[in-house]
Amino acid sequence: MTMGKQGLWGVGVGLLALTSTVFSGLGSMEIAVANSPVNQLAPRLVVQKMKTLTIVFPSRSDSTDLQNKANNVAAFLSKEIGIPVKAQVGDDTAAVEALRANRADVAFLSSRPALKAEQLANSRLYLAEVRKNYSGRYTYNSVFVVPKNSPLKSKNSAKATLEQLRGKNMAFTSPTSGSGFIFPVSELVKQGFIPNRDSLDSFFGRISYGGNYSKALDAVVRGQADVAVVSEYALFPPYLAAENRDKVRVLHKISGVPAHGIAIDDDVPVLMREKLINALLKLNKSENNQLLTSLYNSTELVRVDHNRHLKPAREALKNAGIEP
């Protein structure tokens, strides 16, 4: 981030601090500043600094026509916050790079890219998504899936259950997937089967990567793998065809995988950030909710603490021996 932006931000904070009052809501802060002659320049320094705002919406396999849907959300947010909002579509890597290079201000990100965005751009998650098929509201399960007629059985401990996978053919989702690789590998390390991700070959008979949830599950359905690891919501369409649902079952689950969320760059001034967050939360209202659900099938956005929400992902990466 540039020193010029940080310096201007410091001036704005200093002026706002002269109000000597802590306000709990954005509206009360704006009123107080407007009524204070000493602070009449503060909103100009802090809010007018931003003339436009760019949001990156990563492409996901369960979302179609994403650009148009993202444009609709951007139009809604633009009306709410009072400046033009531009929607861009790209993958997680492109989203993080856009935040780092100051080509974007906000991005919808999964946990590992969110940690990378923190590292490279000092961005933080402020909101997380809720889905009907998340077992933990804004956390979900990573699941080991086997054929329904598999001889592998769920036992009374994770260690006993996962011990059965020794020498079996494993289909991971991808080496970058949280629920489809990082959390399962972390679990294998925690149970003492391997020291890190580099020793997976010493435990499994064969390893493959589907590239996405659907292909990893197809490997199990077609008998090409003994087990696959995916997110719990991947056991439903569009990832798993309805006719294949009764051909697989969950052998073991790992809870607490952080839901995807919305990261905001540190260059976004605090008043604008709160205005944006409040506007995003209005997508939870029934009259606006279709705009949100059309993106990624999430039904609600909730405020989260960045460090608390991403702590399980940090620990899983550390266990697996993977850099954030």
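The values are calculated or read from the model by the stated rules, or taken from the named source; none is laboratory data. Since we're looking at a predicted model, the values are computed, not measured. Glycine also receives a Cβ, built like all others from the backbone with ideal geometry; neighbour counts cover every protein chain displayed. Protein only, heavy atoms only, side chains kept; ligands, DNA and RNA dropped before computing areas. Shrake-Rupley method; radii C 1.70, N 1.55, O 1.52, S 1.80 Å.
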Spatial separation of Cα centroids for the range 107-143 and the range 221-297, in angstrom: 9 Å
Average accessible surface area per residue within the range 139-258, 1.4 Å rolling probe, Å²: 43 Å²
Label point distance in nm, Val250-Thr52, each placed 7 Å from Cα along Cα→Cβ: 4.4 nm
I'd like the Karplus ³J(HN,Hα) series for the range 265-275: coefficients 6.51, -1.76, 1.60, θ = phi - 60°, whole numbers in Hz, and an x wherever there's a Gly or Pro. 5, 6, 6, 6, x, 4, 5, 5, 4, 5, 5
Kindly list the residues of the range 273-310 that lie in the label zone of Arg137, defined by a backbone N under 15 Å from the point 7 Å along the Cα-to-C-beta vector. 299-305, 309
Once you charge only the Cβ atoms, +1 for Lys and Arg and -1 for Asp and Glu, what is the size of the charge dipole of the range 139-258 about its Cα centre, to the nearest 20 debye? 280 debye
Sequence of Thr93, Thr139 from largest to smallest accessible area, 1.4 Å probe: Thr93, Thr139
Counted charge near Phe172, where neighbours are those whose Cβ lies closer than 12 Å (Asp, Glu -1; Lys, Arg +1): +3
Using the Cα centre of the range 70-146 as the reference point, and only Cβ charges (+1 on K/R, -1 on D/E), how large is the resulting charge dipole? Debye, rounded to the nearest 20. 140 debye
Looking at the range 139-258 only, what percent of DSSP beta bridges run antiparallel? Nearest 5 please. 65 percent
Output needed for the range 184-278: three equivalent-ellipsoid semi-axes, defined as square roots of 5 times the C-alpha gyration tensor eigenvalues, in descending order, whole Å. 34, 21, 12
Dividing the alpha-carbon radius of gyration of the range 123-265 by 2.2 N^0.38 Å, where N counts its residues, gives 1.03
Could you work out how far apart the two model spin labels at Ser202 and Lys311 are, taking each label as a point 7 Å from the Cα in the direction of the beta carbon, and quote it in nm? 3.1 nm
List the residues whose amide H sits under 5 Å from the amide H of Val89, counting only those 5 or more places along or on another chain, with H placed 1.01 Å from N in the peptide plane. Phe57
With the full set of protein chains in place, find how many percent of the accessible area of the range 139-258 is carbon and sulfur; take the probe as 1.4 Å. 47 percent
If you take the charge dipole of the range 139-258 about its Cα centre, with +1 on Lys and Arg Cβ and -1 on Asp and Glu Cβ, which of Pro258, Phe193, Ser150 is farthest toward its positive end? Ser150
